[in-house]
Amino acid sequence: MKRYIKQCCASRAHCLALLLSIALLSSCRQHDLALPQDLIIYMPTGSTANSMDATFVTARRQVLAGSGTAFPVLLTRAYDRDVQVTASIDTSLLADYDRQNNTQSPRFPDGSFALEGNGQVRIPGGQERSVDSLRVTLGSQAAGLDLTKQYVLPVRLLGTDSNLPLSSNRAVMYLRIRFAPITMQLNGMPENRVMAIRINRTPAGDVVNGNLQLTAALSTVFAQPLSVGLAARQDWLADYNQVNQTRYEAFPAGTFTLNPSTVSIGAGALEAATAFSLALSNTTAFEPGRDYMLPVGVVDEGPIPPHETQGAAYFTVSVALQNIDPANPAPSGSRVDRSGWTATASSTDTQYAPGGIPAMAFDNNPATGWHSAFGAANVIFTVDMQTLKNIRGFSFTPRYWNYFSSVFVSAVTAMEVSSSNDGVNWLVQGSYSGSMPGGTASNPQLRNLSFYTAVQARYFRFRITQYGQYMPGFGELYAFE
């Protein structure tokens, strides 16, 4: 029992000591708050050496909003009473700024800028920073500003309603002010603003390939929600053709719609959540061999104008006959006599397997043949059958060749096939895509290309887009009718 009483007494003594310490500490803190010693009023450091960047967003030469145009006033520690601080714009400090930074800042008319609330802010008692900020706005003479220039605005602490001193080296903030025009634009396309659409015309119907969507966007964020419209601008087509030396035709009537007619960009967002989409209809009105263009542009309405170039896009449509069966079955019919056939190629190897001229693709010897130079791109192989033929398809072998006792296979794995009656005007028949063949020169592997509908032509052009090892080539190229 005595031990228990002693423990209680010790615990009570400990508690009393702790309470006394807390009271003394609180008293010291209250005493410190009331003392003005070591208290200094100062500016933030800014981004670099008492300076910071500020931007005013403009549209149609009207200033819409500011960013980075405000900053607080600070105390080295909390004080027990409110402190009122006054600041002003002091252009006499520009010379010092330019001398220190080796710059030549443009001057601006008096009254071009102002401080909200006459430059007065309040640091509440018990706080270390002002409850409001020194905020720069445009003044009554802002019309004289050149919105293409960057201005430096010195803001200086003038005084306070207390007896607290101002900092000797942190009493000035230099704002580097620029004006950023905000515009509407369209995103989601190549740099040239052209959206290429290809209609593959097959016996089963038209297949549309290409990006049909555009996204409305802003060059910088805006504080208010915006509605953006998109419209066809066929009136731009003639100028586009003249500037770019092209011969695009307008989309046929009744072949397109733009959906939706308007989209929304939320406050503080850069892009619309919903994209514009081009919907094509009655695609049979687009004819093979002709190139079509639909210019579209952001509707010029509301507070934000469209960008002169980035507010526009240009949809193009070309029609390609896809007369090639993607299953690559063996062509029907019989082999065409190749006597007298000639061929040319945009590239022929003369280093690794010299002597392989294009005509060797018709010499009835799979051990010989043609292939392009090493690394050649977009190689074109053209065949002249001398007379019009009704061609149902082709079969072909790769070029097998040796180099320092090693065997290589030059094969075509993808190509675009075109036909012509005169060797000048060409009609694309479609695209071939196949696998890499194996085999040897003594036991070659054939690859097949079959047309849905027989093609009447004298000339055939093979634009090779993909190939196997090192380079494309043909060992033998057969035609069927």
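The values are calculated or read from the model by the stated rules, or taken from the named source; none is laboratory data. What you see is a predicted model, and the numbers here were worked out from it, not measured in a lab. Cβ: placed from backbone, ideal geometry, glycine included. Neighbour counts: every protein chain shown.
Would you call Ile182 among the aliphatic types (A, V, I, L, M) and farther than 27 Å from Arg61 by Cα? Talk me through it step by step, then tell me what you get.
Values: among the aliphatic types (A, V, I, L, M): yes; farther than 27 Å from Arg61 by Cα: no.
Criteria not met by Ile182.
List the residue pairs whose Cβ atoms are under 7 Å apart, where the first residue sits in region 254-275 and is on the phi > 0 side of the Ramachandran plot, the second is surrounded by 15 or more Cβ atoms within 10 Å (Cβ to Cβ), and the two are 6 or more positions apart or on different chains. Within 7 Å, the pairs are Gly268/Val221.
Would it be correct to say that Trp401 is farther than 23 Å from Arg335 by Cβ, surrounded by 21 or more Cβ atoms within 10 Å (Cβ to Cβ) and not assigned by TED's automatic domain parsing to the domain that holds Ala204? Yes; evaluated as a whole, the condition is true for this residue. Looking at (1) under 27 Å from Ala59 (Cβ atoms); (2) touching an Asp or Glu at 6+ places or on another chain (Cβ under 8 Å), can you tell me which one Tyr240 breaks? Going through (1) under 27 Å from Ala59 (Cβ atoms); (2) touching an Asp or Glu at 6+ places or on another chain (Cβ under 8 Å) one by one, Tyr240 breaks only (2).
For region 63-90, give me each residue that is over 38 Å from the mean Cα position of the chain (by Cα) and surrounded by 17 or more Cβ atoms within 10 Å (Cβ to Cβ). Even if it seems obvious, please write down each step before you answer.
Restricting attention to region 63-90, the residues satisfying the condition of being over 38 Å from the mean Cα position of the chain (by Cα) are 73-90.
Matches in region 63-90: Val73, Leu74, Leu75, Tyr79, Val83, Val85, Thr86, Ala87, Ile89.
Of all residues in region 359-371, at least one satisfies being polar (S, T, N, Q) and surrounded by 14 or more Cβ atoms within 10 Å (Cβ to Cβ).
Per the listing Asn169, Asn192, Asn200, the residue uniquely surrounded by fewer than 13 Cβ atoms within 10 Å (Cβ to Cβ) and either over 30 Å from Ala269 (Cα atoms) or more than 39 Å from the chain's Cα centre (by Cα) (or both) is Asn169.
Let's see how each residue does on (1) under 46 Å from the mean Cα position of the chain (by Cα); (2) more than 23 Å from Glu481 (Cα to Cα); (3) in contact (Cβ under 8 Å) with a residue 24 or more places away in the chain:
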position	(1), (2), (3)
Val336	no, no, yes
Tyr352	yes, yes, yes
Phe362	no, no, yes
His371	yes, yes, yes
Thr382	yes, no, yes
Leu388	no, no, yes
Tyr400	yes, yes, yes
Val407	yes, yes, yes
Ser419	yes, no, yes
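Of the residues making up region 49-62, those that are within 27 Å of the chain's Cα centre (by Cα) and within 13 Å of Ile177 (Cα to Cα) are Asp53, Ala54, Thr55, Phe56, Val57, Thr58.
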